[in-house]
Amino acid sequence: MRTIYRILLCLLVALPTACVYDFKPQFDGVGGYLIVEGNIIVGDYCTIATGWSWSLVDSLDAQGEERARILASNRMHIEASNGKRYDVIGSGAYSTTGRTGEFDLRDADPSLEYRLVIENIKGTYASLWESALPAGEIDSLSYHISDDRQTMSIRVSTHSADAPGSYYRWSVNETWEYHADTYALYKVIEKRTPPEKEDDIEIVNYEYAEQNTYRCWRTLTRPEIMTATTEGLTEDRLVDYQLYTLNNADERVSVIYSPEVVQMRIPEEAYRYWQVMQRNSEDVGGLFSPEPSEYRGNIANVDDPGELVLGYVGVMSVSRKKMFINNVDTWFYKKPWVPVQQLDTLRTKADYLEAYQRDWLPSVDIFTETGNWMGIEWWPARCVDCRRQGGTLTRPKDWPG
């Protein structure tokens, strides 16, 4: 096997991420509490997620079995004050760690009140009846790069026609384009799975560019709790309000980054609830770390109001706006430095099979200075196939470029 050396532009360790809090709160010595996350969005689709808290002192195996049993029995629906019922689209998503349901409220009447109802083997739980507040207009989205070019902040400007004293909450669906570390002319076709002999795989050219695994897109919802109020201001308006920041080594800003900001106006009690949650996540390191009695939301067990339930399910309308940030314009992204790695230039079927079995993939032909073919260069698969970073080859319909 002939070996060459060059700088490998692939980051072989996990990329830095924002502080993400899993939906698995823990209480010191107590467990077994229903957790609900999501909002009832009038005039749109919405998603509600449920989970179950862990105890730090009880057996995790026993807790896991009990939690899975309870969550498997969860049934959710949304009720309107006129008696109309909205059920989960399809069967929803279920795992032993949570249950999620999507609802279609596109035809919901904004003048009515709504509530979420959850039924399981532990009882019936319901949120308080609420009506939707107008979301307010998003005037603009913008970004600001710090003077030292280390961070980029995403900002929103908004207003409503009401008097000052509105309470806002935002969520952000972020989509970004990113690239593998090397373009590939070739792909591997398995004739037998798993391949054991040289003839069990075939190295072929990509038939057209869209098949190539160089260019990917990924979409996630940001985990931060983002709230603000115009209480105490002279008008119900926020200008260049900072929602969150990105650092210059973040893969999200490597090519094109597109945040879609979803804005909601919420009641004061919801704002106070999420303020407490935000402070706790920043100061303590987990959404639900302090005493659970401090964090009652607007959901209760209908038959046992004293039972602790965690979460606030608001009823709201939303406004949306997105923008595209192209690194060609900002030159903000700084690819992290990585050490020199060994690459292999291979030319025989035996070499191909050995490399493929250790999770490497072919990329491009390598030639001598005089134009003689040396072989095909092989890289670790995550450097050739961008899907290994969690993305998809499906280009969003509105994507530029």
Contacts under 8 angstrom Cβ, first residue in the stretch 295-313 being without any contact (Cβ under 8 Å) to a residue 24 or more places away in the chain, partner of a type in the set (Phe, Trp, Tyr) and buried (at least 17 other Cβ atoms within 10 Å of the Cβ), 6 or more apart: Tyr295/Tyr273; Tyr295/Phe288
Inside the stretch 314-353, can you point out the residues that are in contact (Cβ under 8 Å) with a residue 40 or more places away in the chain and among the acidic types (Asp, Glu)? Asp344, Asp351
Quick one: what pairs do we get from the stretch 85-98, first residue farther than 17 Å from Gly32 by Cα, second modelled with pLDDT under 85 and surrounded by 15 or more Cβ atoms within 10 Å (Cβ to Cβ), C-beta under 9 Å, 6+ apart or different chains? Tyr94/Leu71
Can you name the residue in the stretch 233-253 that is surrounded by fewer than 19 Cβ atoms within 10 Å (Cβ to Cβ) and more than 17 Å from Trp170 (Cβ to Cβ) and, of all such residues, is farthest from the chain's Cα centre (by Cα)? Thr234
Assuming Ala135 fulfils every condition listed in (1) surrounded by fewer than 15 Cβ atoms within 10 Å (Cβ to Cβ); (2) in a loop (DSSP other than H, G, I, E, B); (3) in contact (Cβ under 8 Å) with a residue 24 or more places away in the chain apart from one, which condition is it? (1)
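Confirm whether Ser166 is crowded, with 19+ Cβ neighbours inside 10 Å, within 20 Å of Tyr312 (Cα to Cα) and modelled with pLDDT under 95. If you could, list the steps in order and put the result at the bottom.
Details: crowded, with 19+ Cβ neighbours inside 10 Å: yes; within 20 Å of Tyr312 (Cα to Cα): yes; modelled with pLDDT under 95: yes.
Taking the combined requirement at face value, the residue satisfies it.
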Top-ranked residue in the stretch 327-350 [being in a helix (DSSP H, G or I) and of a type in the set (A, V, I, L, M); ranked as modelled with the highest pLDDT]: Val328
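Kindly establish whether Ile78 is at pLDDT 55 or above and closer than 27 Å to Ala135 by Cβ.
Details: at pLDDT 55 or above: yes; closer than 27 Å to Ala135 by Cβ: yes.
Answer is yes for this residue.
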If we scan the stretch 79-93, do we find a residue that is in contact with a His (Cβ under 7 Å, 6 or more places away or on another chain), loosely packed, with under 14 Cβ neighbours inside 10 Å and in a strand (DSSP E or B)? yes
For the stretch 191-210, name all the residues that are free of Cβ contacts under 8 Å to residues at least 40 places away in the same chain and within 20 Å of Ile376 (Cβ to Cβ). Lys191, Glu202, Val204, Asn205, Tyr206, Glu207, Tyr208, Ala209
Out of the residues in the stretch 220-234 meeting the condition of being part of a strand (DSSP E or B) and touching a residue at least 60 places away in the same chain (Cβ under 8 Å), tell me which one is farthest from Arg279 (Cα to Cα). Thr229
From the set of residues in the stretch 216-232 that are of a type in the set (Val, Ile, Thr) and crowded, with 17+ Cβ neighbours inside 10 Å, which is nearest to Gly38 (Cα to Cα)? Ile225
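The values are calculated or read from the model by the stated rules, or taken from the named source; none is laboratory data. Just so it is clear, the structure is predicted and the values come from calculations on it, not from any experiment. Please note: Cβ atoms are built from the backbone with ideal geometry, for glycine as well, and neighbour counts cover all protein chains shown.
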